[in-house]
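Here's the structure we're looking at; comments come further down.
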Amino acid sequence: MAEWLKRGAAADLRADLDRKVRDVVEALLADIQDRGDAAVRELSVKFDGWDRDSYRLTNVEIQHCLDQLTGQDLKDIEFAQAQVRNFAQIQRASMHDVEVETLPGVILGHRNIPVNAAGCYVPGGKYPLLASAHMSVITAKVAGVPRVITCAPPFRGVPAAAIVAAQHLAGADEIYTLGGIQAIGAMALGTESIAPVDMLVGPGNAYVAEAKRQLFGRVGIDLFAGPTETLVIADEVGCDGELAATDLLGQAEHGPDSPAILLTTSRKLAEETVREVERLLAILPTADYARVAWETYGEIILADDDAEMVRIADKIASEHVQVMTRDPDYFLENMRNYGALFLGARTNVSFGDKVIGTNHTLPTKKAARYTGGLWVGKFLKTCTYQKVTTDDASALIGEYCSRLCALEGFAGHGEQANVRVRRHGGRDVPYATGATPSDRTRVDA
């Protein structure tokens with residue numbers, strides 16, 4: 001039976017924090033809905049100390065950001081984007097429109113149609129997370145979205161040059177320097193200067209995630225996301241304390257509310273990891289965030305065997321799951337609830353976050369139980385159609401439909417079927433609606 005050597009914050013504490021965020025977001029979105037650009041400007045000044053005539057960057061400003069980066073910087077961005085684009089294109093190629101004759105004269109099909117406009121949020125308040133531009137903009141463009149706009153907050157009082165470069169090179173059609181709730185609200189609701197989008201994507205802090213949640217239905221979203229989560233599954237064969245601690249803290253540095261969990265069958269590895277965590281926190285430049293996250297939300301779970309680790313991991317349903325065991329493929333074959341798997345000690349979550357090609361926008365807060373992460377398919381609507389090409393087929397389907405409608409008491413639905421039976425089948429079926437038949441609807445048997 002599993003033993004918790006270290007537990008994270010209680011669920012009621014997390015729920016209380018969620019309620020406070022929810023109330024703030026609800027009020028601010030209502031203000032943006034009512035006052036548009038004026039509300040967005042006030043929030044930008046209040047939260048980011050950022051004001052300008054237009055929050056959309058001009059071509060000259062975009063070029064200025066590109067000019068601030070070295071040639072190697074640009075090559076590195078282009079390399080990462082090539083990996084993301086390549087995998088997105090492979091995903092898109094796996095999705096096919098279909099059309100099939102299911103019965104003689106009955107043709108059914110579907111088409112994969114991109115949304116008309118997508119808004120991509122790129123976090124950048126604490127760190128300029130340019131990778132989020134690759135993950136969202138490129139994926140949308142590969143899907144065929146005609147209009148892709150981006151928002152990212154200013155970084156240290158100016159547009160973050162690396163983020164702007166990544167947005168531009170990824171193919172963004174409009175680039176705005178806006179952050180937080182005001183960015184999400186402006187993209188989803190629209191203002192006098194920003195046309196609304198049909199879908200919102202991209203990670204963010206708790207306020208950004210809650211704004212997306214509240215706007216879901218008004219627009220589509222990629223997924224419900226919260227603070228970054230990482231789960232390291234390890235044993236003594238596949239991992240050591242330094243690797244486990246490094247990979248836990250490497251994600252805990254996202255922020256003070258980022259859960260980091262070690263799940264292991266080895267008490268020795270657990271104890272080594274605790275010592276290594278303390279050693280690394282003494283030298284890690286981002287220890288201010290990572291220490292709070294580890295102390296508040298960090299957990300260490302000791303399990304009996306691999307099967308129990310699978311059961312616990314599926315219950316946790318973590319965003320990132322790094323597997324460093326004697327047989328990582330066992331977890332690939334048996335786990336069902338995760339945002340993304342990172343198999344073996346040679347890879348890690350940072351590879352996925354930044355460059356390897358899979359998408360880093362992933363489900364959190366147990367949403368991995370019912371959804372995967374952002375991918376090309378999120379920007380596509382799979383829309384069905386039908387054609388009936390013969391009189392016999394129309395009459396056949398109509399007879400079944402008529403009887404089934406009668407079982408439900410839907411007279412109008414039934415008459416939709418009956419009129420086809422009368423016209424195409426030559427059978428004088430009863431008029432379900434009680435309406436007086438016209439000459440045209442009578443067909444001699």
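So here's what we get for this one:
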quantity	calculated
Which numbered condition ALA209 fails, given (1) out of contact with any Cys (no Cβ under 7 Å at 6 or more places or on another chain); (2) modelled with pLDDT of 95 or more; (3) open to solvent by less than 20 Å² (accessible area, probe 1.4 Å)	(2)
Criterion: surrounded by fewer than 21 Cβ atoms within 10 Å (Cβ to Cβ), of a type outside the set (Val, Ile, Thr), out of contact with any Gly (no Cβ under 7 Å at 6 or more places or on another chain) and under 21 Å from ALA282 (Cα atoms) - qualifying residue of GLU253, GLU242	GLU242
Residue check, VAL219 closer than 21 Å to LEU362 by Cβ, crowded, with 24+ Cβ neighbours inside 10 Å and at pLDDT 95 or above	no
Residue among ILE175, ILE163 that is crowded, with 24+ Cβ neighbours inside 10 Å, in a helix (DSSP H, G or I) and either in contact with a helix residue (DSSP H, G or I) (Cβ under 6 Å, 6 or more places away or on another chain) or in contact (Cβ under 8 Å) with a residue 12 or more places away in the chain (or both)	ILE163
Qualifying residue in region 1-10 (condition: modelled with pLDDT under 95, of a type in the set (Lys, Arg), open to solvent by less than 80 Å² (accessible area, probe 1.4 Å) and not in a helix (DSSP H, G or I))	yes
Within region 148-159, considering residues that are in contact with a Cys (Cβ under 8 Å, 6 or more places away or on another chain) and not polar (S, T, N, Q), the one most open to solvent (accessible area, probe 1.4 Å)	PRO159
Counted residues, region 195-227 - those being assigned to a helix (DSSP H, G or I), aliphatic (A, V, I, L, M) and more than 15 Å from LEU178 (Cα to Cα)	3
Region 415-433: number of residues that are modelled with pLDDT of 95 or more and in contact with a Cys (Cβ under 8 Å, 6 or more places away or on another chain)	2
Any hit, region 80-98, residues being modelled with pLDDT of 95 or more, surrounded by fewer than 14 Cβ atoms within 10 Å (Cβ to Cβ) and over 29 Å from the mean Cα position of the chain (by Cα)	no
From ASP31, ASP37, ASP23, ASP67, residue being more than 24 Å from ASP257 (Cβ to Cβ) and either touching a strand residue (DSSP E or B) at 6+ places or on another chain (Cβ under 8 Å) or open to solvent by 60 Å² or more (accessible area, probe 1.4 Å) (or both)	ASP67
Cβ pairs under 6 Å, 6+ apart, first in region 258-274 and modelled with pLDDT of 95 or more, second part of a strand (DSSP E or B) and among the charged types (D, E, K, R)	ILE261/GLU299
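The values are calculated or read from the model by the stated rules, or taken from the named source; none is laboratory data. Just so we're clear, the structure is a prediction, and the values are computed from it rather than from any experiment. Quick reminder, even Gly has a Cβ in these numbers, built from the backbone with ideal geometry, and neighbours come from all protein chains shown. These accessible areas exclude ligands, DNA and RNA; they are computed on the full protein's heavy atoms, side chains included. Shrake-Rupley method; radii C 1.70, N 1.55, O 1.52, S 1.80 Å.
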